[in-house]
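In what follows, a single structure is set out as C-alpha coordinates and then discussed.
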(Lines give C-alpha, C1' and ligand atoms only; values in the text may rest on other atoms or scores of the structure.)
Protein backbone atom coordinates (compact mmCIF):
# COMPACT_ATOMS: atom_id res chain seq x y z
CA UNK A 1 0.00 0.00 0.00
CA UNK A 2 2.86 2.34 0.90
CA UNK A 3 4.43 1.75 -2.55
CA UNK A 4 1.15 2.73 -4.21
CA UNK A 5 1.01 5.93 -2.16
CA UNK A 6 4.62 6.76 -3.03
CA UNK A 7 3.97 6.25 -6.76
CA UNK A 8 0.85 8.41 -6.54
CA UNK A 9 2.79 11.12 -4.71
CA UNK A 10 5.57 11.01 -7.31
CA UNK A 11 3.20 11.51 -10.26
CA UNK A 12 1.22 14.16 -8.38
CA UNK A 13 4.46 16.08 -7.77
CA UNK A 14 5.30 15.97 -11.49
CA UNK A 15 1.77 17.09 -12.38
CA UNK A 16 1.90 19.87 -9.78
CA UNK A 17 5.24 21.12 -11.11
CA UNK A 18 3.70 21.29 -14.61
CA UNK A 19 0.75 23.23 -13.26
CA UNK A 20 3.08 25.62 -11.41
CA UNK A 21 5.05 26.38 -14.56
CA UNK A 22 2.14 26.94 -16.95
CA UNK A 23 2.22 30.11 -18.99
CA UNK A 24 -0.70 31.72 -20.81
CA UNK A 25 -1.29 34.90 -22.86
CA UNK A 26 -3.59 37.49 -21.31
CA UNK A 27 -5.15 40.73 -22.54
CA UNK A 28 -5.24 44.03 -20.69
CA UNK A 29 -6.25 47.42 -22.12
CA UNK A 30 -6.36 45.91 -25.64
CA UNK A 31 -2.75 44.77 -25.36
CA UNK A 32 -1.28 41.30 -24.87
CA UNK A 33 1.22 39.87 -22.39
CA UNK A 34 2.00 36.51 -20.75
CA UNK A 35 1.44 35.27 -17.21
CA UNK A 36 3.03 32.33 -15.46
CA UNK A 37 0.22 31.35 -13.14
CA UNK A 38 -0.58 34.75 -11.52
CA UNK A 39 2.81 36.36 -12.18
CA UNK A 40 3.20 38.68 -15.16
CA UNK A 41 6.41 37.71 -16.95
CA UNK A 42 5.76 39.60 -20.22
CA UNK A 43 4.03 42.96 -19.77
CA UNK A 44 0.85 43.56 -21.81
CA UNK A 45 2.27 46.00 -24.35
CA UNK A 46 2.03 43.94 -27.57
CA UNK A 47 -0.68 43.84 -30.24
CA UNK A 48 -0.44 40.05 -30.51
CA UNK A 49 1.54 37.41 -28.70
CA UNK A 50 2.29 33.68 -29.07
CA UNK A 51 2.84 31.61 -25.94
CA UNK A 52 6.13 30.00 -24.97
CA UNK A 53 7.19 26.85 -26.80
CA UNK A 54 7.09 23.44 -25.10
CA UNK A 55 10.57 23.98 -23.67
CA UNK A 56 9.38 27.19 -22.02
CA UNK A 57 12.32 29.11 -23.44
CA UNK A 58 10.96 31.28 -26.26
CA UNK A 59 7.82 33.27 -27.00
CA UNK A 60 6.98 35.60 -29.88
CA UNK A 61 5.46 39.04 -29.27
CA UNK A 62 4.54 41.49 -32.03
CA UNK A 63 3.63 45.13 -32.64
CA UNK A 64 1.24 46.05 -35.43
CA UNK A 65 2.24 48.84 -37.81
CA UNK A 66 1.30 50.16 -41.23
CA UNK A 67 3.73 50.59 -44.12
CA UNK A 68 3.27 52.14 -47.54
CA UNK A 69 2.63 49.57 -50.26
CA UNK A 70 4.79 49.29 -53.38
CA UNK A 71 1.91 50.28 -55.69
CA UNK A 72 3.24 53.24 -57.71
CA UNK A 73 -0.20 54.16 -59.12
CA UNK A 74 -2.13 54.40 -55.85
CA UNK A 75 -0.86 55.20 -52.39
CA UNK A 76 -2.05 52.65 -49.87
CA UNK A 77 -0.91 51.10 -46.62
CA UNK A 78 -0.43 47.50 -45.55
CA UNK A 79 -0.56 46.19 -41.98
CA UNK A 80 2.58 44.31 -40.91
CA UNK A 81 3.82 42.89 -37.63
CA UNK A 82 7.28 43.57 -36.21
CA UNK A 83 8.17 41.02 -33.56
CA UNK A 84 10.50 40.29 -30.66
CA UNK A 85 11.53 36.84 -29.45
CA UNK A 86 11.61 36.85 -25.64
CA UNK A 87 12.72 34.45 -22.92
CA UNK A 88 11.14 34.19 -19.47
CA UNK A 89 13.49 36.83 -18.13
CA UNK A 90 12.12 39.28 -20.70
CA UNK A 91 15.39 39.40 -22.66
CA UNK A 92 15.01 40.14 -26.37
CA UNK A 93 16.81 38.05 -28.96
CA UNK A 94 19.54 39.95 -30.81
CA UNK A 95 21.39 38.47 -33.77
CA UNK A 96 24.11 39.37 -36.25
CA UNK A 97 22.92 39.37 -39.86
CA UNK A 98 24.82 38.83 -43.12
CA UNK A 99 25.86 42.47 -43.14
CA UNK A 100 27.09 42.20 -39.52
CA UNK A 101 24.23 44.43 -38.41
CA UNK A 102 22.63 43.78 -35.05
CA UNK A 103 18.96 42.90 -35.34
CA UNK A 104 16.34 42.48 -32.59
CA UNK A 105 13.14 43.06 -34.62
CA UNK A 106 11.90 40.23 -36.83
CA UNK A 107 9.19 39.74 -39.42
CA UNK A 108 6.05 37.74 -38.74
CA UNK A 109 5.71 35.36 -41.68
CA UNK A 110 3.44 32.42 -42.47
CA UNK A 111 5.47 29.79 -40.60
CA UNK A 112 7.03 31.93 -37.84
CA UNK A 113 5.04 30.23 -35.07
CA UNK A 114 5.82 26.66 -36.17
CA UNK A 115 9.48 27.56 -36.66
CA UNK A 116 9.97 28.47 -32.99
CA UNK A 117 7.79 25.61 -31.71
CA UNK A 118 8.78 22.53 -33.70
CA UNK A 119 12.28 21.80 -32.40
CA UNK A 120 13.52 21.54 -28.82
CA UNK A 121 16.95 23.03 -29.44
CA UNK A 122 16.73 25.47 -32.38
CA UNK A 123 14.35 27.94 -33.94
CA UNK A 124 14.31 29.93 -37.18
CA UNK A 125 13.81 33.69 -37.42
CA UNK A 126 13.11 35.99 -40.39
CA UNK A 127 14.92 39.28 -40.94
CA UNK A 128 15.12 41.33 -44.16
CA UNK A 129 13.79 38.41 -46.23
CA UNK A 130 16.49 36.09 -44.86
CA UNK A 131 16.22 33.17 -42.42
CA UNK A 132 18.63 32.60 -39.53
CA UNK A 133 19.04 29.60 -37.23
CA UNK A 134 19.23 30.34 -33.49
CA UNK A 135 19.73 28.19 -30.37
CA UNK A 136 16.90 28.40 -27.86
CA UNK A 137 19.33 29.76 -25.28
CA UNK A 138 19.57 32.79 -27.65
CA UNK A 139 23.11 32.01 -28.81
CA UNK A 140 23.91 32.18 -32.51
CA UNK A 141 26.19 29.67 -34.19
CA UNK A 142 25.22 30.28 -37.85
CA UNK A 143 25.56 33.82 -39.11
CA UNK A 144 24.60 33.34 -42.76
CA UNK A 145 21.08 34.28 -43.82
CA UNK A 146 19.30 31.94 -46.25
CA UNK A 147 16.19 32.04 -48.37
CA UNK A 148 14.91 29.16 -46.23
CA UNK A 149 16.25 26.78 -43.57
CA UNK A 150 15.01 23.29 -42.70
CA UNK A 151 16.11 21.15 -39.79
CA UNK A 152 16.65 17.53 -40.78
CA UNK A 153 16.22 14.00 -39.43
CA UNK A 154 19.97 14.05 -38.69
CA UNK A 155 20.90 16.68 -36.06
CA UNK A 156 24.30 17.27 -37.69
CA UNK A 157 22.90 18.87 -40.86
CA UNK A 158 20.56 21.60 -42.04
CA UNK A 159 18.96 21.95 -45.45
CA UNK A 160 19.29 25.50 -46.78
CA UNK A 161 17.97 27.38 -49.80
CA UNK A 162 19.48 30.28 -51.72
CA UNK A 163 17.86 32.36 -54.46
CA UNK A 164 19.86 33.63 -57.45
CA UNK A 165 19.36 36.94 -59.25
CA UNK A 166 16.88 35.30 -61.60
CA UNK A 167 14.70 34.26 -58.69
CA UNK A 168 15.51 30.54 -59.01
CA UNK A 169 15.77 28.72 -55.68
CA UNK A 170 18.55 26.15 -55.19
CA UNK A 171 18.81 23.75 -52.27
CA UNK A 172 21.98 22.49 -50.56
CA UNK A 173 23.08 20.80 -47.35
CA UNK A 174 25.37 22.30 -44.69
CA UNK A 175 26.70 21.20 -41.33
CA UNK A 176 26.63 23.36 -38.21
CA UNK A 177 30.11 24.71 -38.93
CA UNK A 178 28.54 26.33 -42.03
CA UNK A 179 30.53 23.96 -44.23
CA UNK A 180 28.84 22.87 -47.44
CA UNK A 181 28.24 19.10 -47.67
CA UNK A 182 26.01 19.02 -50.76
CA UNK A 183 26.25 21.89 -53.29
CA UNK A 184 23.41 24.20 -54.24
CA UNK A 185 22.45 22.26 -57.35
CA UNK A 186 19.07 20.81 -56.39
CA UNK A 187 15.39 21.64 -55.99
CA UNK A 188 15.07 19.45 -52.90
CA UNK A 189 17.17 17.27 -50.61
CA UNK A 190 16.24 14.22 -48.52
CA UNK A 191 18.27 12.47 -45.82
CA UNK A 192 18.23 8.81 -44.83
CA UNK A 193 19.88 8.88 -41.39
CA UNK A 194 19.65 5.10 -41.07
CA UNK A 195 22.13 4.54 -43.92
CA UNK A 196 23.83 7.97 -43.75
CA UNK A 197 22.81 8.85 -47.31
CA UNK A 198 21.62 12.07 -48.93
CA UNK A 199 19.48 12.37 -52.06
CA UNK A 200 19.57 15.52 -54.22
CA UNK A 201 16.66 16.03 -56.63
CA UNK A 202 16.78 18.36 -59.67
CA UNK A 203 13.08 18.21 -60.66
CA UNK A 204 11.68 21.63 -61.53
CA UNK A 205 15.02 23.28 -62.28
CA UNK A 206 14.62 22.79 -66.02
CA UNK A 207 16.40 20.46 -68.41
CA UNK A 208 17.06 16.71 -68.09
CA UNK A 209 18.84 16.97 -64.75
CA UNK A 210 20.21 14.03 -62.80
CA UNK A 211 19.30 13.06 -59.26
CA UNK A 212 22.30 12.20 -57.10
CA UNK A 213 23.11 10.18 -53.99
CA UNK A 214 25.82 11.36 -51.56
CA UNK A 215 27.36 9.88 -48.46
CA UNK A 216 27.76 11.98 -45.31
CA UNK A 217 31.24 13.12 -46.33
CA UNK A 218 29.74 14.84 -49.38
CA UNK A 219 31.04 12.24 -51.84
CA UNK A 220 28.68 11.47 -54.73
CA UNK A 221 28.14 7.69 -54.77
CA UNK A 222 25.42 7.27 -57.44
CA UNK A 223 23.33 9.20 -59.96
CA UNK A 224 20.25 8.62 -62.10
CA UNK A 225 18.21 10.28 -64.83
CA UNK A 226 15.14 8.92 -63.05
CA UNK A 227 13.81 10.67 -59.96
CA UNK A 228 15.27 9.18 -56.77
CA UNK A 229 12.74 9.29 -53.96
CA UNK A 230 14.76 7.32 -51.38
CA UNK A 231 18.02 5.42 -51.14
CA UNK A 232 19.60 2.83 -48.85
CA UNK A 233 23.01 1.19 -49.14
CA UNK A 234 21.46 -1.75 -51.03
CA UNK A 235 18.39 -0.30 -52.74
CA UNK A 236 17.19 2.78 -54.62
CA UNK A 237 13.52 3.75 -54.86
CA UNK A 238 12.61 5.73 -57.97
CA UNK A 239 9.33 7.57 -58.44
CA UNK A 240 7.79 7.75 -61.93
CA UNK A 241 5.31 10.54 -62.61
CA UNK A 242 4.24 10.05 -66.24
CA UNK A 243 1.96 8.72 -67.68
CA UNK A 244 0.93 7.61 -64.17
CA UNK A 245 2.56 7.69 -60.76
CA UNK A 246 4.24 4.58 -59.38
CA UNK A 247 7.48 3.48 -57.70
CA UNK A 248 10.33 1.29 -58.88
CA UNK A 249 12.46 -0.56 -56.33
CA UNK A 250 15.98 -1.11 -57.71
CA UNK A 251 18.33 -3.67 -56.17
CA UNK A 252 21.71 -1.91 -56.45
CA UNK A 253 23.64 -5.20 -56.67
CA UNK A 254 21.50 -7.38 -58.95
CA UNK A 255 19.86 -4.47 -60.84
CA UNK A 256 16.52 -6.26 -60.42
CA UNK A 257 13.54 -3.87 -60.55
CA UNK A 258 10.20 -4.24 -58.77
CA UNK A 259 7.22 -1.97 -59.43
CA UNK A 260 4.95 -1.10 -56.51
CA UNK A 261 2.24 1.44 -55.75
CA UNK A 262 2.19 3.93 -52.87
CA UNK A 263 1.41 7.58 -52.12
CA UNK A 264 4.46 8.25 -49.93
CA UNK A 265 7.72 6.49 -49.06
CA UNK A 266 9.94 7.20 -46.03
CA UNK A 267 13.07 5.58 -44.52
CA UNK A 268 12.16 3.30 -41.60
CA UNK A 269 14.87 0.73 -40.79
CA UNK A 270 17.77 -1.08 -42.47
CA UNK A 271 16.49 -2.06 -45.95
CA UNK A 272 12.98 -1.27 -44.83
CA UNK A 273 10.69 1.61 -45.79
CA UNK A 274 7.53 3.10 -44.39
CA UNK A 275 4.92 3.51 -47.13
CA UNK A 276 1.52 5.22 -47.19
CA UNK A 277 -1.33 3.96 -49.36
CA UNK A 278 -4.16 6.51 -49.13
CA UNK A 279 -4.67 6.81 -45.33
CA UNK A 280 -3.00 3.54 -44.33
CA UNK A 281 0.66 3.03 -43.40
CA UNK A 282 2.72 -0.14 -43.93
CA UNK A 283 6.26 -1.28 -43.31
CA UNK A 284 7.80 -2.51 -46.57
CA UNK A 285 10.73 -4.93 -46.48
CA UNK A 286 12.88 -4.08 -49.50
CA UNK A 287 14.47 -7.53 -49.66
CA UNK A 288 11.39 -9.75 -49.26
CA UNK A 289 9.00 -7.20 -50.82
CA UNK A 290 6.57 -7.95 -47.95
CA UNK A 291 4.45 -5.25 -46.35
CA UNK A 292 2.82 -5.23 -42.92
CA UNK A 293 0.26 -2.83 -41.40
CA UNK A 294 1.81 -0.07 -39.30
CA UNK A 295 0.26 2.43 -36.94
CA UNK A 296 2.15 5.71 -36.48
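The values are calculated or read from the model by the stated rules, or taken from the named source; none is laboratory data. Since this is a predicted model, take the numbers as computed values, not measurements. Cβ sites come from the backbone with ideal geometry, for glycine too, and all protein chains shown count toward neighbours.
Below is a table of values for the structure above.
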| read-out | value |
| --- | --- |
| Residue, nearest to residue 93 (Cα to Cα), within region 145-167, restricted to residues that are part of a loop (DSSP other than H, G, I, E, B) and in contact with a strand residue (DSSP E or B) (Cβ under 8 Å, 6 or more places away or on another chain) | 145 |
| Qualifying position, being under 27 Å from residue 109 (Cα atoms), over 14 Å from the mean Cα position of the chain (by Cα) and not in a loop (DSSP other than H, G, I, E, B), among 214, 170 | 170 |
| Residue check for residue 19: surrounded by fewer than 11 Cβ atoms within 10 Å (Cβ to Cβ), outside any loop (DSSP other than H, G, I, E, B) and either touching a strand residue (DSSP E or B) at 6+ places or on another chain (Cβ under 8 Å) or at pLDDT below 95 (or both) | yes |
| Residue list for region 113-137, filter: in contact (Cβ under 8 Å) with a residue 60 or more places away in the chain and out of contact with any helix residue (DSSP H, G or I) (no Cβ under 7 Å at 6 or more places or on another chain) | 113, 116, 117, 120, 136, 137 |
| Inter-residue pairs, beta-carbon under 7 Å, first free of Cβ contacts under 8 Å to residues at least 12 places away in the same chain and at negative phi and in region 178-190, second surrounded by 15 or more Cβ atoms within 10 Å (Cβ to Cβ) and assigned to a strand (DSSP E or B), 6+ apart | 183/172 |
| Residue among 134, 158 that is under 23 Å from residue 198 (Cα atoms) and surrounded by 14 or more Cβ atoms within 10 Å (Cβ to Cβ) | 158 |
| Region 218-256: number of residues that are under 17 Å from residue 172 (Cβ atoms), within 22 Å of the chain's Cα centre (by Cα) and either outside any loop (DSSP other than H, G, I, E, B) or free of Cβ contacts under 8 Å to residues at least 24 places away in the same chain (or both) | 1 |
| Meets criteria (free of Cβ contacts under 8 Å to residues at least 60 places away in the same chain, within 26 Å of residue 159 (Cα to Cα) and exposed (fewer than 11 other Cβ atoms within 10 Å of the Cβ)) for residue 206 | yes |
